[in-house]
Amino acid sequence: MLFRSLLQAAHAKQAITTALAMGLVAEVAGRPAREAGVVLITVLVGQTILGWHNDIVDRQRDQAHGLAGKPVGAGRLEVGTVWYAIVVAFLLLVPLATTTGVRAGAYYLGSVAVAMLGNVVLRTGFFSWWSWAASFALLPAYLSWGGWGGKAVGNAPEPAIVVLAALLGVGVHFMRAVWGLVADHEDGWTYLPLKLGLKLGATRLLALSTLFTVGVVVALVVVGSRVGLSR
C-alpha cells in the first residue's frame, strides 16, 4: 500500500517518459551503453523526487479540489513519509549523477534544484515558465560533459541545443498546465498558460502547445544531427 502510494505520488508516467528520453538521447549522442543506462536511472530518480516534492507542495490544493489521485492530498500518504523518501532518494541521486562526471552531475543536480524551487516560487504568476526553461536548459550540459568514473571528458553543450532545450521545457509546461486550468483559475492563479487558455480555450491551447513542443523536438533532432550535442 505504501509503495503504491509513493509510486502514484511520484508522477510515474512523466518520470519514466523523461528518463527514457534522456537515456535515448545519450545513446544517440554516442555515449556507451553503460553511461546511457546510468543517465536513464539518474533521471528516473530525479524525476521521482520532483514528483514527490510537487505533491507535498500541492497537498492543500489537491485536498481542497478533492483529487483522489493525489495520495498526499487525500491523506493516504503522510508528508513526513514523503520527505523521508525524498532524502533517501537524494542520497542515491548524488552518487548516480556524478558517476558520469562531477561537472555533469552538478549540472543535473542543479536542474533538479531549479525545478524544486519552481514548485514553490513564481509558479502562480506570469513567470511560471522560468523554472521549466531553466531546468531543461541545464540538461544538455549534463549529457555533454559526461564521462565515466567521475571524470568530465566531454565539452560544453552547443548554445543552440541549450536554447532549444529551454524552449522544450516551456512547451512541456504549457502542455501539463492545460489539465489543471480549471482548478488553477478557481485558486486565483494568473500564470501565462491560464491567461492564454482563457482567451483561446483549453482545447486550442493544448493543440498549439503540442504543436510547439513537437516542433521544438524536431528542431532539436535537426540541429543535433548537424552540429552535435557539444562543441
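Things to note:
- Couplings 3J(HN,Hα) of region 64-69, computed from phi: 5, 8, x, 7, 5, x Hz, in residue order, whole Hz [Karplus 6.51 cos²θ - 1.76 cosθ + 1.60, θ = phi - 60°; x for Gly and Pro].
- Membrane-span-like helices in the chain, defined purely by DSSP H runs whose alpha carbon atoms cover 15 Å or more axially and whose average Kyte-Doolittle hydropathy reaches 0.5, are 12-28, 33-57, 79-99, 102-118, 159-177, 202-227.
- Hull-based mean projected area of region 56-109, where the convex hull spans the alpha carbons, in square nanometres: 4.4
- Taking 0.36 nm per residue of sequence separation and removing the Cα-Cα distance, the LEU192/VAL218 pair yields an extension gain of 6.9 nm.
- Note on the chain: the C-alpha convex hull projects to 12.1 nm² when averaged across all orientations.
- Projected label points at ARG204 and VAL28, each 7 Å from Cα along the beta carbon direction, are separated by 3.2 nanometres.
- Shape call, region 97-215: gyration tensor on alpha carbons, a/c limit 1.5: prolate
- Neighbour-limited loop hits for chymotrypsin sites (Phe, Trp or Tyr not before Pro), region 74-152 (at most 16 other Cβ within 10 Å; DSSP other than H, G, I, E, B): TRP148
- Using the Cβ-Cβ distance between ALA183 and VAL120 with R0 = 22 Å, the FRET efficiency computed as 1/(1 + (r/R0)^6) comes to roughly 0.80.
- The length gained by stretching the chain between VAL87 and TRP148 to full extension, at 0.36 nm per residue less their Cα-Cα distance, is 19.4 nm.
- What the chain shows is 51 Å² of accessible area per residue, with the surface traced by a 1.4 Å probe over protein heavy atoms.
- Reduced Cα scattering model of region 128-195, Debye log10 I(q)/I(0), q = 0.21, 0.23 Å⁻¹: -0.82, -0.90
- Built amide H within the under 5 Å cut-off of SER230, gap 5+: GLU158
- Overall, the ratio between the Cα radius of gyration of region 1-136 and 2.2 N^0.38 Å, rounded to two decimals, is 1.09.
- Length gained on full extension, MET1 to ALA160, computed as 0.36 nm times the residue gap minus the Cα-Cα distance: 52.7 nm.
- Positive contributions from Lys and Arg (+1) and negative ones from Asp and Glu (-1), summed over other residues with Cβ under 12 Å from the Cβ of GLU27, come out at +1.
- Whether region 30-83 is rounded, prolate or oblate, judged on the alpha carbon gyration tensor where a/c under 1.5 counts as rounded: prolate
- Shape call, region 73-161: gyration tensor on alpha carbons, a/c limit 1.5: oblate
The values are calculated or read from the model by the stated rules, or taken from the named source; none is laboratory data. Source: prediction; values computed, not measured. Glycine gets a Cβ as well: all are built from the backbone with ideal geometry, and neighbour counts include every protein chain shown. Just so you know, the surface numbers come from the protein's heavy atoms only, side chains and all, with ligands and any DNA or RNA stripped out. Shrake-Rupley method; radii C 1.70, N 1.55, O 1.52, S 1.80 Å.
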